[in-house]
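Input: a single structure, listed below in structure tokens.
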Amino acid sequence: RALHPLFTIIEQGRTRDFIQTFLAMYQQGGRLPVWELCSNETDCMIGYHSVSVMADALAKGIDDFDQELALEAMQKSATWNHLGLPAYRKQGFLSIDDEHESVSKTLEYAYDDWCIAQVANHLGEEEVATRYLERSNAWRNLLDPATKLMRPRSNGGWLTPFEPREVNNHFTEGNAWQYSFFVPQDVPGMIASMGGEDAFERKLDELFSVSEQTTGRTQADITGLIGQYAHGNEPSHHMAYLYNYIQRPEKTKRRVHQILKDFYSTQPDGLIGNEDCGQMSAWYVMSAMGIYAVTPGRAEYALVAPYLD
């Protein structure tokens, strides 16, 4: 979400090495890595985010790798028959009847599908691009028009009762608040679907102002709370920047600088959550510089007043 986008600026050689490794793993093992550890695939996280790393590198001009092979490998990940993907492909979303963590998986799959579409477009593969762009709209099937939040589906309808602060088996290390703004591939579409800019601003304000209390199971990853925004876990990390998309950059500055000031220090407990392979630090580095990649895979940065001189 932030580490690899940072590497496209400061570690381009390592970015190339990562991609070459991904492709070697695909050629030798039949699939791109999801969460490889000590030469073994653990599948302990969701999505197929190798495609995001490669799409973002390509968008930033790091293109000296076998792009056709990369697109082949990406499609293999997206058509793998595990972790709910058959149901996702068939109906355009996952319900709780199909797969655990159904909301989070749907949203992460949809973003990855958008990344695949970008690479296909770059290679002139229009049919592939169209197919995956359509799949990337899966988030629309989980946005509840009544609550304007991402809500689990059950047996063809909405899961009832629904408590958006509840931490349960329908989300990955989070709840509905902490995943409802995860549509990085189509922020304008998300804003429109939530009722337009004014309504979206009110919903985003609510995210940062509702009670910090969660219900349901205890989840150690949910830390660094401002309302239900959880800086200690990655799905929230782009959300302060969404004010930029509704012409309220002063609110982005307020929240980003608040996080930089209050949630980081040089003490032993100086990170508000799990460092998670560099993500917490990379968020700080990019935000302190005044740029953030809300949508890895697009050659665009959200801006904020730098925290440094």
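The values are calculated or read from the model by the stated rules, or taken from the named source; none is laboratory data. If you're wondering where the values come from, they're calculated on a predicted model, not measured in any experiment. Glycine gets a Cβ as well: all are built from the backbone with ideal geometry, and neighbour counts include every protein chain shown. Please note that ligands, DNA and RNA were not included when accessible areas were found on the heavy atoms of the full protein model with its side chains. Shrake-Rupley method; radii C 1.70, N 1.55, O 1.52, S 1.80 Å.
Rg (Å, one decimal) plus Dmax (Å, integer) for the alpha carbons of the chain?
18.6, 55
For Asp66 and Met289 in the same chain, what is the full-extension length gain: residue separation times 0.36 nm, less their Cα-Cα distance, in nm?
77.1 nm
Quick one: grab the alpha carbon gyration tensor of segment 199-309, order the square roots of its eigenvalues as a ≥ b ≥ c, and give me rounded if a/c is under 1.5, else prolate or oblate depending on whether a/b is larger than b/c.
oblate
Need the list of lysines near Lys261 for cross-linking: C-alpha distance under 19 angstrom, and skip anything on the same chain fewer than eight residues off.
Once the sequence-local lysines are set aside, what remains near Lys261 is Lys251, Lys253.
Can you divide the C-alpha Rg of segment 50-189 by 2.2 N^0.38 Å and report the result to two decimal places?
For segment 50-189, the normalised Cα radius of gyration comes out at 1.09.
Label Arg165 and Gln20 with points 7 Å out from Cα along Cα→Cβ: what is the distance between them in nm?
My value for the distance between the label points is 5.2 nm.
Given the -39500 (n - 2.57) contribution per DSSP H run of 4+ residues, what per-residue ellipticity at 222 nm results for the chain, rounded to the nearest 500 deg cm²/dmol?
-13500 deg cm²/dmol
If you roll a 1.4 Å probe over the heavy atoms of the protein chains, what accessible area per residue do you get for segment 1-143, in Å²?
44 Å²
Carbon and sulfur atoms: what percent of the 1.4 Å accessible area of the chain do they account for?
Carbon and sulfur together cover 49 percent of it.
Taking R0 as 45 Å, what FRET efficiency do you get between Gln213 and Asn141 from their Cβ-Cβ distance, rounded to the nearest 0.05?
The calculated FRET efficiency here is 0.95.
Over 19 Å apart: what share of the alpha carbon pairs of segment 191-263 falls there, rounded to a whole percent?
35 percent
Among all lysine pairs in segment 41-170 that are eight or more places apart or on different chains, how many have alpha carbons less than 25 angstrom apart?
6
Starting from 0.36 nm per residue, how many nanometres of slack lie between Ser265 and Cys44 once their C-alpha separation is accounted for?
76.6 nm
For a quick check of your reading of the filter: which GluC sites (Glu not before Pro) in segment 243-309 sit in a DSSP loop and have no more than 15 other Cβ atoms within 10 Å?
Answer by residue number: Glu275, Glu300.
Name the residues of segment 55-88 whose amide N is less than 18 Å from a point 7 angstrom out from the Cα of His122 along the C-beta direction?
What the label zone holds, given the 18 Å backbone N cut-off, is 55-78.
Can you tell me which of 49-59, 87-97, 63-73 comes out highest on packing, and rank the rest after it, using the mean Cβ neighbours within 10 Å?
Most protected by this proxy first, the peptides run 49-59, 87-97, 63-73.
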